[in-house]
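The values are calculated or read from the model by the stated rules, or taken from the named source; none is laboratory data. What you see is a predicted model, and the numbers here were worked out from it, not measured in a lab. Note that each Cβ is placed from the backbone with ideal geometry, even for glycine, and that neighbours are counted across all protein chains shown. What goes into the accessible areas is simple: the full protein's heavy atoms, side chains included, and nothing from ligands, DNA or RNA. Shrake-Rupley method; radii C 1.70, N 1.55, O 1.52, S 1.80 Å.
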There are 2 protein chains.
Amino acid sequence: MIEPLSEAERADALDALADWDHDDGRDAITRSFKFVDFSEAFAFMTRVALLAEKADHHPEWSNVWNRVDILLTTHDAGGLSTRDVALAQAIDALVE
Amino acid sequence: MIEPLSEAERADALDALADWDHDDGRDAITRSFKFVDFSEAFAFMTRVALLAEKADHHPEWSNVWNRVDILLTTHDAGGLSTRDVALAQAIDALVE
């Protein structure tokens, strides 16, 4: 079992993750990415896959050509945990 | 502009693609794949990405850990075309 974020931790995390939206219904964070084409989008996905596998924490995500939509939440915590915050920060670092 | 399948061609294609479902609303075909873990699922996605890029025809798809959901349709044809049938057959060949 992984601890979910407290209310205060969640508020701090959402403030820090300026490019991510909060999905209240699922207590998840979401971000949409657009690239030049499929090749660039899938290259990004491959880098995210490596991050996810290394962290043993995986996204729910979809791709349509140049667009990648990512949702992060922690099933074992029933909502956001520090794992989501860490993965979101690592993903952000890829596109900065 | 790419030609959509005729009614007869669509019926033949759907018969041949036994593992794919037809999404009537979008005139698309969908198939769900399950793997042992994320690593196997993403390895499959990488092979599909190479097929798609080679064919210049890309899926709408999503992944959650060991599961990959693929939807194929041809936007330029307003529905299914021979491109979807060819890509579905190539994807099927990966998992046979």
Taking B:S81 as the residue in question, decide whether it is under 17 Å from A:V68 (Cβ atoms) and not aliphatic (A, V, I, L, M).
no
Enumeration of residues in segment A:21-41 that are closer than 14 Å to A:E60 by Cβ, open to solvent by less than 90 Å² (accessible area, probe 1.4 Å) and out of contact with any Pro (no Cβ under 8 Å at 6 or more places or on another chain):
A:D23, A:G25, A:A28, A:I29, A:T30, A:R31, A:S32
Take the residues in segment A:52-96 that are among the small types (G, A, S) and free of Cβ contacts under 8 Å to residues at least 60 places away in the same chain; name whichever of them is farthest from the other protein chains (Cβ to nearest Cβ).
A:A93
Out of A:A16, A:A90, A:A11, report the one residue that is small (G, A, S) and surrounded by 13 or more Cβ atoms within 10 Å (Cβ to Cβ).
A:A90
Filter segment B:35-51 for residues that are more than 10 Å from chain A (Cβ to nearest Cβ) and touching a Lys or Arg at 6+ places or on another chain (Cβ under 9 Å) and give the result.
B:F35
Look at segment A:65-96 and say how many of its residues are in a strand (DSSP E or B) and either of a type in the set (D, E, K, R) or over 21 Å from A:D23 (Cα atoms) (or both).
2
Can you tell me which residue within segment B:26-59, out of those that are of a type in the set (S, T, N, Q) and in a helix (DSSP H, G or I), is nearest to B:I91 (Cα to Cα)?
B:T46
